[in-house]
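The structure under discussion appears below in the form of structure tokens.
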Amino acid sequence: MEGKERYFESALKVNEGIEQPSPVNAEYVRNLRRRKTLLPLEEYFNGIVQGNRTVLSQAITLVESSLPDHHRLAQQLVERCLPHAGKSLRLGITGVPGAGKSTFIEAFGRFLTAKGHRVAVLAIDPSSQRSKGSILGDKTRMEELATDRDAFIRPSPSAGSLGGVARKTRETAVLCEAAGFDIIIIETVGVGQSETAVHSMVDFFLLLMLAGAGDELQGIKRGIMEMADAIVINKADGDNRQRANLAKAEYQNALHLFPPQPSGWNPVVDVCSALQKENIDKVWGMVSDYLQLVKQNGYFDQKRLEQSRKIMTETVEQELRDRFYQHTGIEEKARALAQMVDNRQISSYEAARQLLDFYFSDASTEI
């Protein structure tokens, strides 16, 4: 009893207070359930063209979904938005890990919004091959741009797509253009052999590099440098300024060895400091000079047409792949053939042939 009295006299005593609210916000849960319900096509479309960011975000989620019903609605929405799209400038930005891509995009985006542009950033995050998850932390690395009223940042998982570019990035860009964003920036995971996926969907391809991190010319594949319309060495500030200028001279010499660009443009190399916001205006000057040239010589429209054709062929390939794996009985047949391959009863090639024969025989029967 004495111990109990000592407890109530101690600082550990908790006084009775008001009744605490439920840890679950019922109203929030109800709203969350409502938000998960698909909107009608017209409501998605009207929200996008009116610049409603919430509807735009929901529409992008719909586009990224792999569910068949979502896919059909998303395709109808993209078709509706196409007449309102195609008027923006699409910039692809890639670079070596640690080059400061997010910091650069934030500084560059703020510079553009200050000039009266509306900027959409499609930041592609790498997906885990094991868990299929992504961190999607780009908004936390672009705090100032994320709060800019004329900017929209959408981190998306790469979902294992070639080159780290989300499979639905092109459709997402169409939705953003229809929402009134006149500059679309596509940030990729990093430099890789498949970075051509970015090049095939943008008007201007910017390669962001870092000086003083080893042999610069060996740190990146030649094919990526050949595609770049401009190379910018970031973090050219403080003690790193001299190294950045040396790297600039090395890249300029290297570019002379590459064949001429089909656009007629000579790639430019320069330095900047995204952290100090130095030379950001010069980067925009490069882009503006490039646009002026390619619109005069007709390359801009020619490249857009080539990209449209590429989208058509890629869509056919993806649609065939999706229909194949969604076909009735394919999953069971594939499991049985995989077991036979494991037991070395048939080769992998023979298993694939039988799987295709099974699909096409069923498909022809349905027709």
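Here, each number is a calculation from the coordinates, and none is a lab measurement. This structure is a prediction, so every number in the text was calculated from the model and none was measured. No Cβ is skipped: glycine too gets one built from the backbone with ideal geometry, and neighbour counts run over all protein chains shown.
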Estimated vicinal HN-Hα couplings, Hz - segment 229-240 in sequence order (Karplus 6.51, -1.76, 1.60; Gly, Pro = x): 8, 7, 10, 10, 8, 7, 6, 7, 9, x, 5, 8
Please list 3J(HN,Hα) in residue order for segment 303-317, calculated via the Karplus relation 6.51 cos²θ - 1.76 cosθ + 1.60 where θ = phi - 60°; whole Hz, with x for glycine and proline. 5, 4, 5, 4, 5, 5, 5, 5, 4, 4, 5, 5, 5, 4, 4
Can you list residues from other chains, or at least 5 along the same chain, whose modelled amide H is less than 5 Å from the amide H of SER65? none
Inter-label distance for ILE311 and ILE346, nm, one decimal - labels placed 7 Å from Cα along Cα-to-Cβ: 3.9 nm
Under 5 Å between amide H atoms, partner at least 5 residues away or on a different chain: which partners does ARG90 have, H built in plane at 1.01 Å? ILE184, ASP203, PHE204
Which far-off residues, 5 or more places away or on another chain, put their amide H under 5 Å from the one on GLY95, with H placed in the peptide plane? GLY190, VAL191, LEU208
If R0 is 22 Å, what FRET efficiency do you get for GLU42 and HIS71 from their C-beta distance, rounded to 0.05? 0.75
Between ARG323 and ASP357, with labels modelled 7 Å along Cα→Cβ, what's the label distance in nm to one decimal, could you check? 2.2 nm
Using the Karplus curve 6.51 cos²θ - 1.76 cosθ + 1.60 with θ = phi - 60°, work out ³J(HN,Hα) for each residue of segment 102-111 in order, rounded to whole Hz, and write x for Gly and Pro. 5, 5, 5, 5, 5, 5, 5, x, 5, 4
Given LYS168/LYS295; LYS235/LYS310; LYS168/LYS310; LYS310/LYS333; LYS115/LYS168; LYS115/LYS295, which pairs have Cα atoms separated by over 25 Å? LYS168/LYS295; LYS235/LYS310; LYS310/LYS333; LYS115/LYS168
